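Everything on this sheet refers to the single structure shown next.
A short reminder: the numbers here are calculations on the coordinates, not readings from a lab. Bear in mind the structure is a predicted one, so any value in this text is a computation, not a measurement. Cβ placement follows ideal geometry from the backbone for every residue including glycine, while neighbour counts extend to all protein chains displayed.
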Amino acid sequence: MKTHLALSLALASLWHRRKVLALVCLTLTLSVSLLLGIQYLRTEVKQSFTTTISGTDLIVGARSGQLNLLLYTVFHIGDATNNIRWSTYQALKNDSRLDWLIPISLGDSYRGYRVVATDENFLKHFRYGRDLPLALAEGIWFTGVFDVVLGAGVARDLGHQTGEKLVLSHGGGRTSFSNHEDTPFTVTGVLEPTGTPVDQAVYIGLAGMEAMHVGWESGVAIPGRTMTLEKAEGRDFVPEAITAAFVGIDRKILTFRLQREINQFAGEPLSAILPGVALSELWRLMGQFERALLGITGFVVITSLIGLIAVLLTLQAQRAHEIAVLRATGASPALIASLYIIECVSLALLACLLALMIGAAGISLASPWLLTSYGLQITLRPLTAPEWGLLASVPVAAALVSLIPALSTWRQSKTLGFGEAADQ
Amino acid sequence: MTSNKLPAQILAAATILTAAPLSANASDNPGTHQHGHAELQVAISNNQVDLIFTSPAYNLLGFEHEARTGEQEASVKETIAWLRTTPLVNTPESSCRIQDADVHYEANTGDDDHRDQGHDHDEKPARHSDIEVSQSLTCSGLEGSNELTTPLTIRFPGLEHLSLEWVWPEGQGSGRLAQGESLFKLTTH
């Protein structure tokens, strides 16, 4: 009965001050949305980042550090220090313990996007996210020497479609003056967006990469010696070297043993890295930034809670008359103090509810835009236990801060003179 | 190019900040050797565990030269026996049994003319030496659990950091244990 009375009194009091409290509630809602949003984005970005490549057990390249190898093969950042010989790739391919290999050859570009020379195994075996395969949004995977498949981001940004002809550039860089004009490539397909660096590259066959460099031995095209579509017909182009290879192993228990063997390969110095291990190390490096971000958001929530106390204390000064009336009608000091706590916690709960609604609406509206503009795949999912914990901490903190006005009111109302009688 | 610009910048910054470690066991380069630091690689499939542990001998024995006193000889024998008979990773319930274990240790004899790399040893300049252990284990109750322990960081006070790398059905991951910490959680990343 007493609880019921306290609740109805508190709600009536909240309704009475709705204009001022709506503003307080808005501030609190915004800061809770920010806190929850940052935590949510942090886990989603981590998930999206650490699953940029999945299902690949080893990446094999020329001897280098694991982060360097990961960055240039998976993220298209930086350049390879050396290549690996085609014969080495063949030797690895003949090892029955390695189930599949995806060859990768880098070095050229198309209007600032990397050209990745590979084969059909890329489409067949490359996985990202939670074991998601690549798929073509339109067209087919390349089959001819001068066929090219575009990543979703390239097709979107440059507005290309299947059937168009592209001239790839020699070397990297956004504006290249040295273009493979004699060997235009035809777009045969466009990949589905993945939210990974796969979207930001164009894919050709190893033969295409080799063919377009015929006559370029001196670094520039020698007229008359370069390949043309007609000359390339029926010819077999075998590369001398590739940049790296993605490797899949069915018996995962052998991963470390195979890594060691490849690292000790007698033919040439190689590095085999575990992409998952390299990704987790890279994320650990960046972990400091995300923790700092969460810390700052925590302070935003604390600031709005302090704002809430300020408002409550201001209101308290104006409530002297109301409290006197409540006391005169028989309300105990404890009941009056509990009013503050109930009001404060209700406001916090309302703010949390609103923040959840804003967050859910925001993510569902912004996720297509984030994928297309930033390549970030953020999906709506149920909150995790730590996120619920973070959310629950807001009403708990609100209950704690409400103790300040509650205790002082309790003390004041006791001195009003009817304390003892009302308590009995 | 608008997409991936932001992560690209962060990654570029990260590469500048990182001194990427070169992998050990090169076919033509000498392997890395860092006192106080060791590496444990664990591959898990069903209830099978395959592990490789590599450490400078100094971390486990306190010296890297050939055993010269009876005490040192006993210490080498005892350590190698321990490495051969103790599962280097275990479930919290200690359910792992060794199927196969191999300890590789070649103490340097000290008469090699190889120059020591600035370490402060009292004996003649000598090569570094490593201990490499590989074990195959069977652990019941491994499926469905993601917690493992290792006795290494408790058994060897000279081991300041143990780098962990693992491959398990959920994916690959890595971690690091400090001296005295024995429990680690397998996470995907």
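Spatially, the range B:130-188 and the range A:1-70 are offset by 32 Å when compared through their Cα centroids. With a Cα-only, solvent-free Debye model of the range A:301-424, what are the log10 I(q)/I(0) values at q = 0.16, 0.17, 0.20, 0.21 Å⁻¹? Per q value, in the given order, log10 I(q)/I(0) is -0.82, -0.88, -1.05, -1.11. Over all orientations, the protein assembly as shown has a Cα convex hull whose mean projected area works out to 39.0 square nanometres.
Over all residues in A:261-267, what is the mean tally of Cβ atoms on other chains that come within 10 Å of each residue's Cβ? Please list the in-between numbers first.
Values: counts 1, 2, 7, 6, 3, 2, 1.
Per residue, the average neighbour count from other chains is 3.
Per residue, chain A reaches -17500 deg cm²/dmol at 222 nm when only DSSP H runs of four or more residues are counted, each adding -39500 (n - 2.57). Within a straight-line Cα-Cα reach of under 13 Å, A:Lys414 can be paired with the following aspartates and glutamates, leaving aside sequence neighbours fewer than 8 residues apart in one chain: A:Asp423.
In this model, which of A:Lys124/B:Lys185; A:Lys46/A:Lys93; A:Lys46/A:Lys165; A:Lys46/A:Lys252; A:Lys46/B:Lys185 are farther than 29 Å apart at the alpha-carbon? Display every interim value, and only then the final one.
On the way: A:Lys124/B:Lys185 32 Å; A:Lys46/A:Lys93 33 Å; A:Lys46/A:Lys165 37 Å; A:Lys46/A:Lys252 24 Å; A:Lys46/B:Lys185 18 Å.
Flagged as over cut-off: A:Lys124/B:Lys185; A:Lys46/A:Lys93; A:Lys46/A:Lys165.
Given Cα positions, please report Rg to Rh for the range A:148-286, the hydrodynamic radius being the Kirkwood one.
Working: Rg = 18.9 Å, Rh = 18.2 Å.
Ratio of gyration radius to Kirkwood radius for the range A:148-286: 1.04.
One equal scatterer on each Cα of the range B:36-185, no solvent, Debye formula: the resulting log10 I(q)/I(0) at q = 0.10, 0.15 Å⁻¹ is -0.38, -0.77.
Residue by residue along A:50-56, Cβ atoms of other protein chains within 10 Å of the local Cβ number 2 on average. Over all other residues within a Cβ to Cβ distance under 14 Å of A:Gln412, the charged ones net out to +3, with Lys and Arg as +1 and Asp and Glu as -1. Of the peptides A:135-147, A:240-252, A:380-392, the ranking by mean beta-carbon count within 10 Å, highest at the top, reads A:240-252, A:135-147, A:380-392.
Let me know the mean shielding of A:72-79 by other chains, meaning the per-residue number of their Cβ atoms within 10 Å of its Cβ. Walk me through the numbers before you get to the answer.
Working: counts 1, 0, 0, 6, 3, 8, 3, 0.
Partner Cβ neighbours, averaged per residue: 3.
Compute the Kirkwood hydrodynamic radius of the range A:49-98, taking the inverse of the mean of 1/r over all pairs of distinct Cα atoms, and give it in Å to one decimal.
On the way: mean 1/r = 0.0817 Å⁻¹.
For the range A:49-98, the Kirkwood estimate is 12.2 Å.
Each peptide in B:89-102, A:111-124 receives the mean, over its residues, of other Cβ atoms within 10 Å, and ordering these scores from highest gives A:111-124, B:89-102.
Here the average projected area of the convex hull drawn through the C-alpha atoms of the range A:58-273 stands at 12.0 nm².
Rg/Rh for the range A:34-173 (Cα atoms only, Rh after Kirkwood) is 0.98. Only aspartates and glutamates eight or more places from A:Lys231 in sequence, or on another chain, were considered; those with a Cα closer than 14 Å are A:Asp182, A:Glu210.
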